[in-house]
1. What accessible area per residue comes out for the range 95-165, rounded to a whole number of Å², with a 1.4 Å probe?
2. With r as the distance between the Cβ atoms of Arg126 and Arg28 and R0 = 41 Å, compute the FRET efficiency 1/(1 + (r/R0)^6) and round to 0.05.
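The values are calculated or read from the model by the stated rules, or taken from the named source; none is laboratory data. The structure presented is a predicted model; accordingly, all values stated were derived computationally and were not measured. Cβ placement follows ideal geometry from the backbone for every residue including glycine, while neighbour counts extend to all protein chains displayed. Surface areas here come from the heavy atoms of the whole protein model, side chains and all, with no ligands, DNA or RNA. Shrake-Rupley method; radii C 1.70, N 1.55, O 1.52, S 1.80 Å.
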Amino acid sequence: MSPGPPDASTVNGHLLGLARRIRALRERRGLTQEDFASRCGISVSFASLLERGERSPSYETLLQVAGALELPLWELLRVDDVEDAGAHRLEGFARAKQLSRPDVDRLLKVAEMMFASGPTPAPPPRPEPARCVEPDCQRAVLARGLCTAHYHQARRRKVARPREG
C-alpha cells in the first residue's frame, strides 16, 4: 500500500521551514528584503510573503531565490538544517583555491583552535627579566648588567675621570 498525498499540515510545515530558511540565509548574507527581492526579480511584498510562509514559490522562483542567495537549489531545499547553511561556501572556497587534502586538514586545525570550547590555554610564562648587579638593587637591567640609574651613574663617573695622557 503506497502512502497517500501529504496532508495540509505537513505541507504547511515544509513551507514554513523553507520560509525560515530563506529568511535566515538572507539575513546571514546581510541582505535587506529590498536587496533580496531585487536580486530575485520579485516584489518586496512577495519576498515578505515567502519569508513568512504565506506563499508557495514556483520552481522558477525557487531557482531565482537560490541564485540570489548564491547557493545551489538542493541547498536551499534542505529544510532540516538551517544552521549548516554555510557549509557549501566552505566547500566552494576549498574547490576554488584548489586546496589539497593536507591544506584542508590544516584549515580544519586552525578552525578547531579558533572555535575551541572551554578555557583558552594560558600563554607560556615569560622569563624573569635580568636584575641589576648592584647590591640591594632589584631593578631590570638596561645594559652591562646595570639598571638605568646605575648604568648612567657609571657613565657619568667614566666621563668625569680625567684622561691620562
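1. Result: 99 Å² per residue.
2. Result of the calculation: an efficiency of 0.50.
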